[in-house]
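Structure first, then comments.
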Amino acid sequence: MKRKRPNFYLHLHSPKIPKREGSFFYTFGLGGISMFLLLWLGLTGLLEVFYYIPSAADANRSVQMITFLIPYGKLIRGIHYWAGQLLVVTTTLHMLRVVLTGSYKAQRSLNWLLGAVLLVVVLLFNFTGYALRWDEDISWALLVGTNLIKTIPLIGDSLYQIAVGSSSIGEQTIVRFYGWHIYGFAIIAGIFIVWHMFRVRRDGGISSRQDDYPVEKITRDELVEIEILAMFVVSIILIALALLLPPSLSGPADLNNIPEDATAPWFFIWVQQLLGSGDPLVMGVLIPVFLLALIMLVPFLLDRNQSGIGVWFNKEGRLAQITIILIIVSILILTLIKVL
Ligand code: HEM
């Protein structure tokens, strides 16, 4: 019988995968779902680019046009928006799964770092996307968020100019954010995703327990079947969310007149809450950078043990697990305090 030649998609997986690690309840498909959401983002973003106008005078009007006049524009914008929101959630949960199963240890520490860069890119992708609406709701985030950069000693002013394209927010800012959103972060995300996937294969596939336990294996064809089902379910959820809960859009931004109740995008509300209680440099820059550094240092500082790989809640990784859980819970609490 002629052997089936593996196609490119099958190449993403080892030919045989341990049953336990290949099962949905080990990874919850979170890395794969994040990748699939990125594909949806690329596809719908590509379609939006045909109608979006990156200028302060026309940006908001062009998003109104996409939403209300262009055939299927509302659906495409809705899917783009929801894929971006879900990506923040799935990426965070994927990181949590990796830390709880000790999958960052030993040779996978480099991939942990690559993942941490991807997390930052996902957040910046989302932030620049929000700003492209150029509506009243984004004015607080745009002004306060970018002003934080100025508080950084020595290089703050130059970084600010690089971020917003001028000495104050204006026409140049939207062009700059547009450039970063559709080229800059897209290229960086593309490079890091390919590298991240290459490392998963190079590191021996998904992490698995090193101790003696009966290793039953499944084929990659079986895994791909589960993945196709997951993609189908995720697509249905995205379309349902886009139709039932379309993203909001208010009138054009007036940066001299910020609404009293304006908030940061939901994933940065915790920073807004922190800013209300102290110095902007400490609360808005140093604390977030410190948390990111802690995340990055998990395999190098918080748990340098080589054992416990692939074991849920392994005792060697307690410090790392508690640290990441505390970071996520604190962010959730700060967000809830601000919202409620
Ligand atoms: C856009 C964001 C991301 C995408 C698309 C992505 C994708 C993936 C995929 C598909 C896998 C293989 C299977 C799985 O665990 O589902 C994986 C594994 C891995 N990811 Fe991510 N990832 C992302 C972000 C992150 C983040 C934020 C971290 C940690 C800071 C991370 C660290 C890792 C590690 C260490 C592995 C190997 C896990 C193992 O062998 O069990 N990734 N990633």
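Any read-out appearing in this document is the output of simple, stated calculations on the displayed coordinates, not a laboratory observation. Everything numeric in this text was worked out from a predicted model, so none of it was measured. Neighbour counts are summed over all protein chains in view; Cβ atoms, including those assigned to glycine, are modelled from backbone coordinates with ideal geometry.
Give me the compactness ratio for the chain, meaning the Cα radius of gyration over 2.2 N^0.38 Å.
Here the answer is 1.07, to two decimals.
Return the FRET efficiency for the residue pair residue 64, residue 256: r is the Cβ-Cβ distance, R0 is 22 Å, and the value is rounded to the nearest 0.05.
On the way: r = 22 Å, r/R0 = 0.98.
FRET efficiency, residue 64 to residue 256: 0.55.
I need the peptides 127-138, 59-70 ranked by packing, meaning the mean over residues of other C-beta atoms within 10 angstrom, with the highest value on top.
Order by mean packing, descending: 127-138, 59-70.
Can you give the extra length, in nm with one decimal, that the chain gains between residue 236 and residue 215 once fully stretched, where that is 0.36 nm per residue apart less the Cα-Cα distance?
Here the segment from residue 236 to residue 215 would lengthen by 4.1 nm.
What is the packing order of peptides 274-281, 179-186, taking the mean over residues of other C-beta atoms within 10 Å and listing the highest first?
179-186, 274-281
Leaving out same-chain residues fewer than 8 places away, which aspartates and glutamates sit with a Cα under 14 Å from that of residue 217?
21
Could you sort out which of 315/338; 74/338; 150/338; 19/105 sit more than 28 Å apart by Cα distance in this structure?
Beyond 28 Å between Cα atoms: 315/338; 74/338.
Give the relative contact order (percent, whole number) for the stretch 13-339; include only Cα pairs under 8 Å separated by 6+ residues. Walk me through the numbers before you get to the answer.
Working: 386 pairs, mean separation 101.3, N = 327.
About 31 percent, as a whole number.
Using alpha-carbon positions, what is the distance between the centroids of the stretch 293-310 and the stretch 191-264, in Å?
23
Under the definition of Cα pairs under 8 Å and six or more residues apart, what whole-number percent is the relative contact order of the stretch 1-115?
For the stretch 1-115, the relative contact order is 28 percent.
With N residues in the stretch 131-258, what two-decimal value do you get for its Cα radius of gyration over 2.2 N^0.38 Å?
Details: Rg = 22.4 Å, N = 128, 2.2 N^0.38 = 13.9 Å.
Relative to the rule-of-thumb radius for its length, the stretch 131-258 sits at 1.61.
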